[in-house]
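**Q** One structure coming up, written as structure tokens, with questions to follow.
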Amino acid sequence: MSPLLVCLLGALLIPLFVATWRASLLGLACQGLIMAGLAIPELTPQASPHAWLTLFDLGAVRGLLLPVALYSVLRATAAPSRNDVIPPNLFSWTIALGMVLAAFNFSEALVREPGEAQTLVAIAIAGILLGFLVLASAAGPFSQMVGALRIENSIALLELSGEQRASLGLRIAMLGVFLATLAFFRWYLVSLESPATERESAPDSLSL
């Protein structure tokens with residue numbers, strides 16, 4: 001596994017265990033920037049507009065614009081640092097790690113040839129599963145947004161791992177939808193009196 005892929009897997013996992021909203025935003029930023037790094041080899045002197053649009057989407061929008069836009073809102077509203085995206089107990093952490101192992105096993109059935117493509121698919125599947133885990137576990141609006149953005153980043157990674165790509169027009173439309181979603185998330189956080197104040201934690205009876 002290449003260093004970039006190891007870092008990408010870490011960007012998916014570590015923010016689950018570091019229960020702060022800054023860690024969640026840093027994880028999203030790292031995911032975008034690392035995926036942009038994976039897309040850089042496609043940029044050649046004869047690179048297509050599609051390749052440049054992909055780099056802009058992953059690096060500039062997901063890696064920079066997204067975390068800065070949400071960070072500015074949370075900092076301006078003095079949001080509490082603590083923010084559990086999954087319940088802070090051993091049971092939830094075991095489920096998260098189990099999902100990663102299941103994703104790597106499942107990727108072997110989807111991509112028969114071992115290599116970077118198989119690993120990319122495995123990490124993308126793990127990201128989608130972890131995103132759904134966050135959506136299923138979190139109650140606060142910010143954590144729900146983080147779960148949705150995790151799934152969106154993983155879908156982008158899955159597209160990056162495939163040989164067939166969407167047309168340029170479709171990619172522009174998808175980028176527009178993503179920007180509109182980000183704008184809506186930011187507007188919703190601004191409209192709340194105290195975003196990210198709810199601590200998403202499991203009942204005491206489930207804590208281990």
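**Q** Of (1) surrounded by 15 or more Cβ atoms within 10 Å (Cβ to Cβ); (2) over 18 Å from the mean Cα position of the chain (by Cα), Gly27 satisfies all except one. Which?
**A** (2)
**Q** If we keep just the residues of the stretch 54-79 that are at pLDDT below 90 and surrounded by 15 or more Cβ atoms within 10 Å (Cβ to Cβ), which is nearest to Ser24 (Cα to Cα)?
**A** My answer is Ala79.
**Q** May I pose another question? So is Trp21 among the aromatic types (Phe, Trp, Tyr) and either modelled with pLDDT of 95 or more or surrounded by fewer than 19 Cβ atoms within 10 Å (Cβ to Cβ) (or both) or not?
**A** So Trp21 does not fit the description; no.
**Q** Is it the case that some residue within the stretch 39-51 is surrounded by 14 or more Cβ atoms within 10 Å (Cβ to Cβ) and either touching a strand residue (DSSP E or B) at 6+ places or on another chain (Cβ under 7 Å) or under 19 Å from Gly176 (Cβ atoms) (or both)?
**A** yes
**Q** When you go through Ser154, Ser92 one by one, which is the residue that is on the phi < 0 side of the Ramachandran plot, buried (at least 20 other Cβ atoms within 10 Å of the Cβ) and either modelled with pLDDT under 90 or over 16 Å from the mean Cα position of the chain (by Cα) (or both)?
**A** Unique residue meeting the criteria: Ser92.
**Q** While we're here: Might you check whether a residue that is polar (S, T, N, Q), surrounded by fewer than 19 Cβ atoms within 10 Å (Cβ to Cβ) and part of a helix (DSSP H, G or I) occurs anywhere in the stretch 175-185?
**A** Among the residues of the stretch 175-185, at least one is polar (S, T, N, Q), surrounded by fewer than 19 Cβ atoms within 10 Å (Cβ to Cβ) and part of a helix (DSSP H, G or I), which makes the answer yes.
**Q** Regarding Ala23, is this residue free of Cβ contacts under 8 Å to residues at least 24 places away in the same chain, in contact with a Phe, Trp or Tyr (Cβ under 9 Å, 6 or more places away or on another chain) and within 20 Å of Ala148 (Cβ to Cβ)?
**A** Answer is yes for this residue.
**Q** A further question on this structure: Of all residues being charged (D, E, K, R) and part of a loop (DSSP other than H, G, I, E, B) in the stretch 186-208, which is modelled with the highest pLDDT? Just the residue, please.
**A** Across the stretch 186-208, the extreme among qualifying residues is Glu193.
**Q** So, one more: Taking interchain pairs and intrachain pairs at least six residues apart, which have beta carbon atoms under 8 angstrom, with the first residue in the stretch 1-18 and within 15 Å of Met99 (Cα to Cα) and the second charged (D, E, K, R) and in a helix (DSSP H, G or I)?
**A** Sorted first by the residue in the stretch 1-18, then by its partner, the pairs are Leu12/Arg150.
**Q** Can you tell me which residues in the stretch 115-130 are in a helix (DSSP H, G or I) and free of Cβ contacts under 8 Å to residues at least 60 places away in the same chain?
**A** The answer is Ala117, Gln118, Val121, Ala122, Ala124, Ile125, Ile128, Leu129.
**Q** From the list Ala102, Ala126, Ala122, exactly one residue is aliphatic (A, V, I, L, M) and surrounded by fewer than 19 Cβ atoms within 10 Å (Cβ to Cβ). Which is it? Break it down stepwise before answering.
**A** Details: Ala126 fails: surrounded by fewer than 19 Cβ atoms within 10 Å (Cβ to Cβ); Ala122 fails: surrounded by fewer than 19 Cβ atoms within 10 Å (Cβ to Cβ).
Ala102 is the lone residue from the list that is aliphatic (A, V, I, L, M) and surrounded by fewer than 19 Cβ atoms within 10 Å (Cβ to Cβ).
**Q** Still on this structure: Check the stretch 49-67 and report whether any residue there is assigned to a loop (DSSP other than H, G, I, E, B) and either on the phi < 0 side of the Ramachandran plot or in contact with a Lys or Arg (Cβ under 7 Å, 6 or more places away or on another chain) (or both). Spell out the reasoning first.
**A** Our first condition is that a residue be assigned to a loop (DSSP other than H, G, I, E, B); within the stretch 49-67, this holds for none.
No, that holds for no residue.
The values are calculated or read from the model by the stated rules, or taken from the named source; none is laboratory data. Since we're looking at a predicted model, the values are computed, not measured. All Cβ positions, glycine included, derive from the backbone under ideal geometry; neighbour counts span all protein chains shown.
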